[in-house]
Amino acid sequence: QLVESGGGLVQAGDSLRLSCAGPGLPTGEYTIGWFRRAPGKERDFVASTSRRGGSAAYADSVKGRFTIIRDDAKSSVYLRMNNLKPEDTGLYYCAATRDYYSASREAQFDFWGQGTQVTVSS
């Protein structure tokens, strides 16, 4: 079970930190990803961090602004979002997979949270 938190309503240029908690989940053994669904659009990949503190990957649209950080001691993964833009608005989900070291497609992930809403006003 994954639980996201930290979303909210912010202005363009602001920052937010999203949290993904997996109580009891050995997150160190999972590749964790963040996805978002903008209004009326498909759910898109945002970022991922490979299991055991491996490599991170980002969508081109967030590179240089978003950072994914994992704290396996707390079974948590964070998404630090700086310089937010209106186009970052959406429902943000975290997801986990044990089967892939590198993953960026929805179908690769087995466990999903319910999402946390991020709204960026211009």
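The values are calculated or read from the model by the stated rules, or taken from the named source; none is laboratory data. This is a predicted model, so every value here is computed, not measured. Note that we place each Cβ from the backbone using ideal geometry, even for glycine, and neighbour counts take in every protein chain shown. Ligands, DNA and RNA are stripped out before the accessible areas are found, and what is left, the full protein with its side chains, is counted by its heavy atoms. Shrake-Rupley method; radii C 1.70, N 1.55, O 1.52, S 1.80 Å.
Taking the stated definitions as given, is Tyr100 buried (at least 17 other Cβ atoms within 10 Å of the Cβ) and part of a strand (DSSP E or B)? Answer is no for this residue.
Could you grab me the full set of residues in segment 30-72 that are in a helix (DSSP H, G or I) and within 19 Å of Glu4 (Cα to Cα)? Hits for segment 30-72 are Arg51, Asp72. Scanning segment 57-71 for residues that are at pLDDT 95 or above, of a type outside the set (Val, Ile, Thr) and open to solvent by 30 Å² or more (accessible area, probe 1.4 Å) returns Ala57, Tyr58, Asp60, Ser61, Lys63, Gly64. Name the residue, out of Leu18, Leu84, that is open to solvent by less than 50 Å² (accessible area, probe 1.4 Å) and more than 15 Å from Val3 (Cβ to Cβ). Only one candidate passes the filter, namely Leu84.
Within segment 7-21, residues that are under 11 Å from Tyr92 (Cβ atoms) sit with their Cβ atoms under 8 Å from residues that are among the acidic types (Asp, Glu) and crowded, with 17+ Cβ neighbours inside 10 Å, at 6+ positions apart or across chains, in these pairs: Leu18/Glu4; Ser19/Glu4; Cys20/Glu4. Pairing each residue of segment 34-48 that is open to solvent by 10 Å² or more (accessible area, probe 1.4 Å) with any residue that is assigned to a loop (DSSP other than H, G, I, E, B) and not charged (D, E, K, R), provided the two are 6+ apart or on different chains, yields C-beta distances under 7 Å for Ala38/Thr89; Asp44/Ala59; Phe45/Ala59; Phe45/Ser104.
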